[in-house]
Amino acid sequence: MSTEDQEAQEDELLALASIYSEDEFKRADAASGGEILLCLDLASHFKVSVKSNGAAASFTEDFEKTVAFLPPIVLNFELPSDYPSTAPPNFTLSCKWLSPRQLSLLCQRLDDLWEENSGCVVIFPWIQFLKEETLDYLNIKSPYEIDVSSNGLQSWMQTTEKTCEDGASLEKAPYDKRAIQDVQSVPALVRCILDFNEAQQKKVFDSKLFLCNICFMEKLGSECTHFKACEHVYCNYCLKDYFEIQIKDGQVHALNCPEPKCTSVATPAQVKDLVGEQLFSRYDRLLLQSSLDLMADVVYCPRPSCQTPVMQEPEDTMGICAVCQYAFCILCKMTFHGVSPCKVTAEKLVALREEYLAADEAGKKFLEKRYGKRVIQKAVEEMESMDWLEQNSKCCPRCGTHIQKIDGCNKMTCTGCKLYFCWLCMSTLSRGNPYIHFNDPSSECFNQLFLGIDVDQDLLDDNGED
């Protein structure tokens, strides 16, 4: 290798390293050469589609997407010892969305550029052509269609016009061994296009400044969350506090965009990035539980220590927990009791009676079938009795016996335990002299022994007066 060639090669590689980032240009370690990734500038609202024909249709459905970025064209090159004085660089071109015929035409164009610049370094002119002129040279316009026929990937063609800029036919272009179509399958191509487009959009988003409408500060996109459905952007610090409060309160369906009247919802991945593993586990569990609660055929194991979701079989009132093997009635949540009616606890009688009286005919029949008609009637009768007793009687302060006062003074005697007590204040009276309670000026019931009855008439009767 001549000194001039060696210096020219080193200068060219150093220039490439200074112009392009490490993500775009990687210098080879073992030889004089490298790899450069060229992402083309697409027109706005650029559409790309993959259409399957023949046997290839079994691999994927037709795909169409508007993208801002397509996977790069990859130029691998190695500089021979007599470059640039005599020999051109050895190279390969690869791309996931260009056909081998299209890549072959690009290889031929790179050869032509070497002939035009023979004796000079040519890598940078190649890069400029590939990045700035590829779309026009291959006559690629939106919508860009990739046809996949039964012959597989080798027959992918540009469908807008199958000629390049200089009029050469893509269908007749010879294959170049330096042209590499490096996609294994049609689904792999679709995934690659979507993943690369999303990654590049994220990269652009991260480098921009956005105003958060909560703290009113400008933050880099890398410090913000983007709601894709509505395009609103908020800083992660504000959203983290907002989401943490909602999750702690159990409002897992309220993790939406803070913009007023906006209905966009954060994705689980966004929530996890913001709140961390511990709170996300709670969010995930509550979200699953709320979804199960909306399913009519899902009940929960009634054991407090279990609470496992259990699928309900149609027209069956028995549930069996798959974890603790507890067999229970899905209606009353007690141990399964077969065809016997559900038992009603004393605490449920009031609610059952109110539910039954407020129900329509279909509702009444359902409750009678569930608990039994006699149980329902008993609940209604008992509650009516309890209502009457509550309104017309008082309970003995010692034994709780219900006592109705029909007549007489306010000194009462319990029919159950024979306790003397005051009807007015329900306090216990002295057994030896129960009336002292009504004669003591310090008593709250002083001089009220006959309160509530016609005292004057009684006294007249006792004294025999008219």
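Within the range 234-254, is there a residue that is under 12 Å from the mean Cα position of the chain (by Cα) and in a strand (DSSP E or B)? Within the range 234-254, none of the residues are under 12 Å from the mean Cα position of the chain (by Cα) and in a strand (DSSP E or B).
For first residues located in the range 95-113 and without any contact (Cβ under 8 Å) to a residue 40 or more places away in the chain, partners that are aliphatic (A, V, I, L, M) and lie 6+ apart or on another chain with Cβ distances below 9 Å form the pairs Arg109/Leu130; Leu110/Leu75; Leu110/Leu93; Leu110/Val122; Leu110/Leu130; Leu113/Val122. If I filter the range 78-87 for residues that are at pLDDT below 95, open to solvent by less than 60 Å² (accessible area, probe 1.4 Å), among the acidic types (Asp, Glu) and closer than 21 Å to Gln181 by Cβ, do I get at least one hit? No, there is no match, as no residue in the range 78-87 is at pLDDT below 95, open to solvent by less than 60 Å² (accessible area, probe 1.4 Å), among the acidic types (Asp, Glu) and closer than 21 Å to Gln181 by Cβ. For Phe328, the criteria (1) open to solvent by 60 Å² or more (accessible area, probe 1.4 Å); (2) modelled with pLDDT of 80 or more; (3) more than 30 Å from Asp249 (Cβ to Cβ) hold in every case but one, which is (1). Scoring Met383 on the criteria (1) at pLDDT below 80; (2) closer than 30 Å to Gly250 by Cα; (3) open to solvent by less than 70 Å² (accessible area, probe 1.4 Å) leaves a single failure, condition (2).
Note on the range 176-198: among residues that are within 19 Å of Pro71 (Cα to Cα) and without any contact (Cβ under 8 Å) to a residue 40 or more places away in the chain, the one that is least open to solvent (accessible area, probe 1.4 Å) is Ala188. Applying a threshold of 6 Å to beta carbon distances and a minimum spacing of six or more residues, or different chains, the list of pairs starting in the range 264-286 at a residue that is farther than 21 Å from Cys230 by Cβ and ending at one that is of a type in the set (Lys, Arg) and open to solvent by 70 Å² or more (accessible area, probe 1.4 Å) reads Phe280/Lys272.
The values are calculated or read from the model by the stated rules, or taken from the named source; none is laboratory data. From a predicted model like this one, the values you see are computed outputs, not experimental measurements. Quick reminder, even Gly has a Cβ in these numbers, built from the backbone with ideal geometry, and neighbours come from all protein chains shown. Just the protein is used for accessible areas: all its heavy atoms, side chains included, with ligands, DNA and RNA removed. Shrake-Rupley method; radii C 1.70, N 1.55, O 1.52, S 1.80 Å.
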